[in-house]
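Reviewing the structure listed below.
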Amino acid sequence: MRTRVSTKVVAAVILLVMMCVVAFPLYWVLTMSLRPSSDLYEKRIVPSSLTMENFRQILLEKSWAAFESVSFLVPFRNSLVVGVSAVLFSLCISIPAGYGLAKVPMRGKKIVSTYVLLAYVFPPFILIIALYSIAQNLGLRDKLLGLALIHQVRILPYCTWMLRGYFSTVPKELEDSARIDGCSRLGALWRIFLPISAPGVVSAGIFSFTFSWNDLLFTLVTIDNFKRFTVPIALRSMVIGDFVRWNSVMAGVLIAILPPLAFYLLLQRFVVQGLTAGSIK
């Protein structure tokens, strides 16, 4: 009995320590974003005073970065446009692609599946020069929708591979029943596979949005006009030479994590189901 109690105590202590390690950076971001400039470099965990001036400055004023023309709401809006567009592009392509690799008989399907997986694990920085040239020739540079299309280089392979594994777990008898009732393959995909595979589709959509929202590398190559900057470039622009206003940067970081956090909190159940589906098989 004592052994069980001691084991539970040790486990609780370990979990508490892990929780503190994970939560402390978030606490530091929050407190730094609320600190006045006079308290910025004081070595204290608890700030002496709190202010909303940092949020007001980056949201309402136009002097929060190396350029002075737009508020932080403009890159925030741009990131939302790129993120939502990336989700729509990825789902429209990866859903039929994953279904085809999972259920449609064809020659070379295993080779194509292997290529899709290799395309995701390929280092992205190696593709930068080629992507720059392609974007330049196709007129995609300095356009938000063009950036969303370039993001598909990393998003599509992962989403296609994940949905392929998810569609493979759907019993073949369900598709056969739909085909007997007169459904085409697209009809079976729409009426049978998508409702059953909703957790996997949601997980793919969340991955697409999160990758697009956090991307800095492809955005630096594609976007030049500061009015089309996304959140990662906007945060980077707050570093002006050797001068960094950490309270403004942390306020921007806190605003930047809100959309992905909201998606995960609202759709957490689907994310867990989508990532673990098919693991037993």
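When 105, 96 are checked against the criterion of being assigned to a helix (DSSP H, G or I), assigned by TED's automatic domain parsing to the domain that holds residue 222, surrounded by fewer than 18 Cβ atoms within 10 Å (Cβ to Cβ) and more than 20 Å from the chain's Cα centre (by Cα), a single residue qualifies: 96. Any residue at all in the range 205-220 that's modelled with pLDDT under 85 and either touching a Leu at 6+ places or on another chain (Cβ under 6 Å) or assigned to a helix (DSSP H, G or I) (or both)? No: zero hits. The set of residues in the range 169-187 that are of a type outside the set (Ser, Thr, Tyr), surrounded by 11 or more Cβ atoms within 10 Å (Cβ to Cβ), under 18 Å from residue 200 (Cβ atoms) and under 31 Å from the mean Cα position of the chain (by Cα) contains only 170. The residue list 108, 139, 83, 146 contains one member that is of a type outside the set (A, V, I, L, M, F, W, C) and more than 27 Å from residue 237 (Cβ to Cβ), which is 108.
Of the residues screened, residue 235 is one that is free of Cβ contacts under 8 Å to residues at least 40 places away in the same chain, crowded, with 16+ Cβ neighbours inside 10 Å, outside any loop (DSSP other than H, G, I, E, B) and not charged (D, E, K, R). Counting only residues that are touching a Leu at 6+ places or on another chain (Cβ under 7 Å), part of a loop (DSSP other than H, G, I, E, B) and of a type in the set (Ser, Thr, Tyr), how many does the range 43-86 have? Selection size over the range 43-86: 2. Considering (1) surrounded by 22 or more Cβ atoms within 10 Å (Cβ to Cβ); (2) among the aliphatic types (A, V, I, L, M); (3) more than 17 Å from the chain's Cα centre (by Cα), the lone condition that residue 204 does not fulfil carries the number (3). With a requirement of 1 or more residues that are touching a residue at least 12 places away in the same chain (Cβ under 8 Å), assigned by TED's automatic domain parsing to the domain that holds residue 90 and among the β-branched types (Val, Ile, Thr), the helices (runs of 4 or more DSSP H) lying completely within the range 142-196 that satisfy it span 144-168. Count of the range 1-39 residues, restricted to those that are among the small types (Gly, Ala, Ser) and at pLDDT 85 or above, is 4. Within the range 42-51, is even one residue farther than 21 Å from residue 228 by Cα, surrounded by 14 or more Cβ atoms within 10 Å (Cβ to Cβ) and in contact with a Pro (Cβ under 9 Å, 6 or more places away or on another chain)? Yes, the range 42-51 contains a residue that is farther than 21 Å from residue 228 by Cα, surrounded by 14 or more Cβ atoms within 10 Å (Cβ to Cβ) and in contact with a Pro (Cβ under 9 Å, 6 or more places away or on another chain).
The values are calculated or read from the model by the stated rules, or taken from the named source; none is laboratory data. This is a predicted model, so every value here is computed, not measured. So basically every Cβ, Gly included, is an ideal-geometry build from the backbone, and we count neighbours across all protein chains shown.
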